[in-house]
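Visitor: My questions all concern the structure below.
The values are calculated or read from the model by the stated rules, or taken from the named source; none is laboratory data. Since we're looking at a predicted model, the values are computed, not measured. Here the Cβ positions follow ideal geometry from the backbone for every residue, glycine too, while neighbour counts run over all protein chains shown.
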Amino acid sequence: MSKPLVVITGASSGIGAGIAKRMSAAGHPLLMLARRLEQLKALQLPNTMCRKVDVTDSDALRGAIGEAEAQYGPVDCLINNAGKMLLGNIETQNPAEWRQMFDVNVLALLNGMQAVLEGMKSRRTGTIINVSSIAGVKSFINHAAYCGTKYAVSAIGETVREEVASAGVRVMTICPGAVETELLSHTTSQEIIDAYSQWKASIGGAVNAEDIARTVMFMYSQPQYVNIREIQIAATGQS
Ligand code: NDP
């Protein structure tokens, strides 16, 4: 039997690309979204639609999902993964960076859920997996706005889970600790990047995107009547 459509935001690198490879290997048709179209295409996954979409543009997001559903059938799983981590000291950080993180990490995640929920509820099946963070569970210095976005992701996901549970739709949250990706590289303060890198070395290194992808697949592949509400996953050495 053919597998249903999985939509992955932020699939051009890191965790999203790792999830895309896993889902594709399991036979799912994919809609992969990000701004760097060439990086999506470079993964060369079969049965996959790649679209250059800024997830903060809800019309573009809905348009791409509609296009993929016309080709592959209804979306069964949305992985809300696209995210930005711009670390900074609250006293000196440019507020534009706070706005960018809330736009991508929080508002775009809401856009994604809104785009798929009506269809999932009407079919009485479907799964949304939101990528939060250990920074959505505990605080870290220089992470004020980022932690704020990830606490929001956890709270939003858990609220929507309750709202749609009776319609048979699952909402799950995964909270990774430090993962080896390009996420840190967007922070503008070299001092903060260096401190983060030293901390990562001091805990014996981070987990990798494949560790997160394997866990997401475990969550999704449970029978539909089982909802793994939240998983925290981090390197053993991370406190
Ligand atoms: P990457 O920087 O490798 O990936 C981020 C992805 O988000 C990219 O594919 C990027 O694509 C996409 N993205 C960013 N902004 C937009 C936008 N406006 N529209 C569309 N896509 C966008 O980092 P990770 O893989 O580490 O991050 C993935 C998720 O995991 C994020 O939500 C992050 O907060 C979370 N996370 C990461 C941890 C880590 O230590 N790495 C730990 C805990 C959580 P493009 O630039 O092509 O648009």
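Visitor: Taking only pairs six or more apart or across chains, which ones have beta-carbon atoms under 8 Å, a first residue in segment 217-233 that is within 19 Å of residue 4 (Cβ to Cβ), and a second residue that is at pLDDT below 95 and assigned to a strand (DSSP E or B)?
Guide: none
Visitor: Let me ask you something else. Please verify whether residue 82 is among the small types (Gly, Ala, Ser), within 19 Å of the chain's Cα centre (by Cα), surrounded by 19 or more Cβ atoms within 10 Å (Cβ to Cβ) and not in a loop (DSSP other than H, G, I, E, B), treating the condition exactly as stated.
Guide: no
Visitor: (1) surrounded by fewer than 19 Cβ atoms within 10 Å (Cβ to Cβ); (2) more than 30 Å from residue 114 (Cα to Cα); (3) in contact (Cβ under 8 Å) with a residue 40 or more places away in the chain: which one isn't true of residue 137, the others all being true?
Guide: (2)
Visitor: Right, next: When you look at residue 84, is it of a type in the set (Lys, Arg) and within 14 Å of the ligand (Cβ to nearest atom), yes or no? Steps first, answer last, please.
Guide: Working: of a type in the set (Lys, Arg): yes; within 14 Å of the ligand (Cβ to nearest atom): yes.
Judged against the criteria, residue 84 is a match.
Visitor: Are there any strands (runs of 3 or more DSSP E) wholly within segment 1-66 with 1 or more residues that are farther than 13 Å from residue 77 by Cβ and touching a Lys or Arg at 6+ places or on another chain (Cβ under 6 Å), and if so which?
Guide: On the way: elements: 5-9, 30-34, 48-52.
In segment 1-66, the matching strands (runs of 3 or more DSSP E) lie at 30-34, 48-52.
Visitor: One residue is enough: does segment 96-117 have a residue meeting the conditions surrounded by fewer than 19 Cβ atoms within 10 Å (Cβ to Cβ), out of contact with any Ser or Thr (no Cβ under 6 Å at 6 or more places or on another chain) and part of a loop (DSSP other than H, G, I, E, B)?
Guide: No, segment 96-117 has no match at all.
Visitor: Here's a follow-up. Please tell me if residue 128 is part of a strand (DSSP E or B) and either among the aliphatic types (A, V, I, L, M) or away from the ligand (no atom under 14 Å from the Cβ) (or both).
Guide: yes
Visitor: Which condition breaks for residue 5 when tested against (1) within 12 Å of the ligand (Cβ to nearest atom); (2) in contact with a Phe, Trp or Tyr (Cβ under 7 Å, 6 or more places away or on another chain); (3) hydrophobic (A, V, I, L, M, F, W, C)?
Guide: Of (1) within 12 Å of the ligand (Cβ to nearest atom); (2) in contact with a Phe, Trp or Tyr (Cβ under 7 Å, 6 or more places away or on another chain); (3) hydrophobic (A, V, I, L, M, F, W, C), only one is false for residue 5: (1).
Visitor: Taking into account only those residues within segment 140-163 that are closer than 20 Å to residue 238 by Cβ and free of Cβ contacts under 8 Å to residues at least 12 places away in the same chain, which is nearest to the ligand (Cβ to nearest atom)?
Guide: Going through the qualifying residues, I end up with 140.
Visitor: Okay, next question. Working carefully through the options 144, 135, 165, find the one that is among the aliphatic types (A, V, I, L, M) and touching a His at 6+ places or on another chain (Cβ under 8 Å). It would help to see each step written out before you state the result.
Guide: Values: 144 fails: touching a His at 6+ places or on another chain (Cβ under 8 Å); 165 fails: touching a His at 6+ places or on another chain (Cβ under 8 Å).
135 is the lone residue from the list that is among the aliphatic types (A, V, I, L, M) and touching a His at 6+ places or on another chain (Cβ under 8 Å).
Visitor: Here are some residues: 43, 30. Which one is surrounded by 15 or more Cβ atoms within 10 Å (Cβ to Cβ), at pLDDT 95 or above and over 16 Å from residue 181 (Cβ atoms)?
Guide: Exactly one of 43, 30 is surrounded by 15 or more Cβ atoms within 10 Å (Cβ to Cβ), at pLDDT 95 or above and over 16 Å from residue 181 (Cβ atoms), namely 30.
Visitor: Got a sec? Which of 92, 56 is surrounded by fewer than 17 Cβ atoms within 10 Å (Cβ to Cβ), farther than 19 Å from residue 210 by Cα, within 16 Å of the chain's Cα centre (by Cα) and β-branched (Val, Ile, Thr)?
Guide: Going through 92, 56 in turn, the sole match is 56.
Visitor: Can you tell me which residue among 122, 185, 166, 133 is more than 13 Å from the chain's Cα centre (by Cα), of a type in the set (S, T, N, Q) and within 11 Å of the ligand (Cβ to nearest atom)?
Guide: Result: 185 is the single residue among 122, 185, 166, 133 that is more than 13 Å from the chain's Cα centre (by Cα), of a type in the set (S, T, N, Q) and within 11 Å of the ligand (Cβ to nearest atom).
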